[in-house]
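A quick write-up on the structure given underneath.
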Amino acid sequence: MKGCDGSVLINSTRNNTAEKDAIPNQSLRGFQVIDAVKSAVERRCPGRVSCADILALVARDAVSLISGPFWPVPLGRRDGRVSNSTEALSQLPPPLFNSTQLIASFASKNLNVKDLVVLSGSHTIGVAHCSSITSRLYNFTGRGDSDPSMDPNYVAALKRRCSPTDANSIIQMDPGSSQVFDQDYYTIVSKRRGLFQSDGALLTNSVTNAYVQRHSNSSRLSSFLKDFSDSMVKMGRIGVLTGSAGEIRRICSVIN
Ligand code: HEM
């Protein structure tokens, strides 16, 4: 959470609880893919390519493989030697943030309001656990109510999928096309069917609302894909270690 230094890949040890084991990161998976790429690269070119660069490249490739954009990834990141679960908790925006909180959280990482609405578009892929929306569905203000800003029909449908005590079931964020990188997210959010408060919150700021409305049509796909590439490159520059800072880890899950 210091930035793009591969610290999220590090395993906890007896003396240290790493970012990986922080609650908001517990659904992260696919570490074995990074490990496989790293071993292949180390065999050909030992000690040269950081885990942080591999992670940025794999993220780009994963998006491209599911119809998303392809962007050149600036390289040369080095790997951090610190991974602290409390930092992940304090720095990752939770799904119940409103637009003011989201904008501040992104600004603290040098990302602007446009980056916020563009990068949120990645919720066109993937899944969430019921636990991430329990309070939105069942206890929004502490009185057994649900978030009135969400389409009531969608609230009802989600309640059928997620009981109040169900922490483990998963739901697609873009139902039906959660493995295709398209602009559906904006269509969903414009219909007040964004899964998290942070998704719905994009309707409450004039800049993000205008972006959502403009991109809620498939004719705007290429505009979104271009914006997404630009914001990913920008996000990939957060807290990068260069020169003699950090190290090139030999195994991505372990500090050298
Ligand atoms: C704007 C602030 C954001 C918030 C509050 C947020 C919150 C969340 C939450 C709560 C989940 C579901 C976790 C679970 O229940 O398992 C999730 C999933 C996901 N988020 Fe975000 N997110 C944000 C921004 C981003 C950004 C910037 C990206 C990448 C560019 C991103 C990519 C994803 C992806 C791909 C998933 C699906 C993961 C999976 O399938 O397991 N999110 N997000």
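The table that follows gives values for the structure above.
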item	result
Matching residues in segment 87-105 - criterion: being more than 7 Å from the ligand (Cβ to nearest atom) and in contact with a Leu (Cβ under 8 Å, 6 or more places away or on another chain)	SER99, ILE103
Hey, THR134 β-branched (Val, Ile, Thr), over 30 Å from SER67 (Cβ atoms), open to solvent by 20 Å² or more (accessible area, probe 1.4 Å) and more than 13 Å from the ligand (Cβ to nearest atom) or not	no
Output for segment 220-256, where each listed residue is assigned to a helix (DSSP H, G or I), of a type in the set (Ser, Thr, Tyr) and under 23 Å from VAL37 (Cα atoms)	SER229
Matching residues in segment 9-35 - criterion: being more than 16 Å from the ligand (Cβ to nearest atom) and surrounded by fewer than 11 Cβ atoms within 10 Å (Cβ to Cβ)	ARG14, ASN15
Matching entry among PRO74, PRO94, PRO152, PRO148 (being open to solvent by 20 Å² or more (accessible area, probe 1.4 Å) and within 30 Å of GLU247 (Cα to Cα))	PRO74
Residue match in segment 64-78 (condition: within 20 Å of ASP182 (Cα to Cα), out of contact with any Cys (no Cβ under 9 Å at 6 or more places or on another chain) and in a helix (DSSP H, G or I))	yes
Inter-residue pairs, beta-carbon under 7 Å, first over 17 Å from PRO24 (Cβ atoms) and assigned to a helix (DSSP H, G or I) and in segment 101-130, second more than 6 Å from the ligand (Cβ to nearest atom) and of a type in the set (Lys, Arg), 6+ apart	ASP115/LYS234
Long-range neighbours under 7 Å by Cβ, at least six apart or interchain, first residue at pLDDT 95 or above within segment 48-76, second among the acidic types (Asp, Glu)	SER50/ASP79; CYS51/ASP79; ALA52/ASP5; ALA52/ASP79; SER67/ASP182; LEU75/ASP53
Test: residue in segment 179-198 that is surrounded by fewer than 17 Cβ atoms within 10 Å (Cβ to Cβ) and either within 18 Å of the chain's Cα centre (by Cα) or within 15 Å of the ligand (Cβ to nearest atom) (or both)	yes
Test set (1) within 21 Å of GLY239 (Cα to Cα); (2) open to solvent by 40 Å² or more (accessible area, probe 1.4 Å); (3) in a helix (DSSP H, G or I) - ASP61 fails condition number	(1)
So VAL212, is it touching a helix residue (DSSP H, G or I) at 6+ places or on another chain (Cβ under 7 Å), farther than 24 Å from ALA56 by Cβ, open to solvent by less than 20 Å² (accessible area, probe 1.4 Å) and away from the ligand (no atom under 15 Å from the Cβ)	no
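The values are calculated or read from the model by the stated rules, or taken from the named source; none is laboratory data. Quantities reported herein were computed from a predicted structural model and do not represent experimental measurements. Heads up, the Cβs are rebuilt from the backbone with ideal geometry, glycines too, and the neighbour counts pull from every protein chain shown. Just the protein is used for accessible areas: all its heavy atoms, side chains included, with ligands, DNA and RNA removed. Shrake-Rupley method; radii C 1.70, N 1.55, O 1.52, S 1.80 Å.
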